[in-house]
1. What's the number of the only condition in (1) open to solvent by less than 80 Å² (accessible area, probe 1.4 Å); (2) assigned to a loop (DSSP other than H, G, I, E, B) that V50 fails to meet?
2. Of the residues L63, L77, L59, only one is open to solvent by less than 100 Å² (accessible area, probe 1.4 Å), touching a helix residue (DSSP H, G or I) at 6+ places or on another chain (Cβ under 8 Å) and under 12 Å from A28 (Cβ atoms); which?
3. Name the single residue that is surrounded by the most Cβ atoms within 10 Å (Cβ to Cβ) among those in region 1-47 being modelled with pLDDT of 65 or more and part of a loop (DSSP other than H, G, I, E, B).
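The values are calculated or read from the model by the stated rules, or taken from the named source; none is laboratory data. Values in this document were obtained by computation on a predicted structure and should not be read as measured data. Every residue, glycine as well, gets a Cβ built from its backbone with ideal geometry; the counts of neighbours run over all protein chains shown. Side chains included, ligands, DNA and RNA excluded: accessible areas come from the protein's heavy atoms. Shrake-Rupley method; radii C 1.70, N 1.55, O 1.52, S 1.80 Å.
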Amino acid sequence: MHADHRLVRFVVPPATHLREPELRVVLAEDLFLLRDGLVRMLEAYDCEIVAAVDNGPDLSRALLTLKPDVAVVDVRLPVLHG
């Protein structure tokens, strides 16, 4: 018999359930897959996504009503660019 020497690696995600979120974030991106990926990434690093929108008018409403700590915005959103 030979020993199995495979490397086992465990990835431990940040413990988001142990403390309050660091930042309240509004995210604005018109591409669904990119928006979804950014939401997941930011949540994994202890951010609270208070809104994830895909257009300018929804972004304006979210910023005015939710008062986030930070906004991550695609500069070429529909209705805002041009």
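1. For V50, the failing item is (2).
2. Numbers: L63 fails: touching a helix residue (DSSP H, G or I) at 6+ places or on another chain (Cβ under 8 Å); L59 fails: touching a helix residue (DSSP H, G or I) at 6+ places or on another chain (Cβ under 8 Å).
On inspection, the qualifying residue turns out to be L77.
3. Going through region 1-47, the residues modelled with pLDDT of 65 or more turn out to be 19-20, 22-47.
Going one step further and asking which of them are part of a loop (DSSP other than H, G, I, E, B), we end up with 19-20, 22, 29-31, 45-46.
On the way: R19: 9, E20: 7, E22: 14, E29: 21, D30: 17, L31: 11, Y45: 12, D46: 16.
Selected residue: E29.
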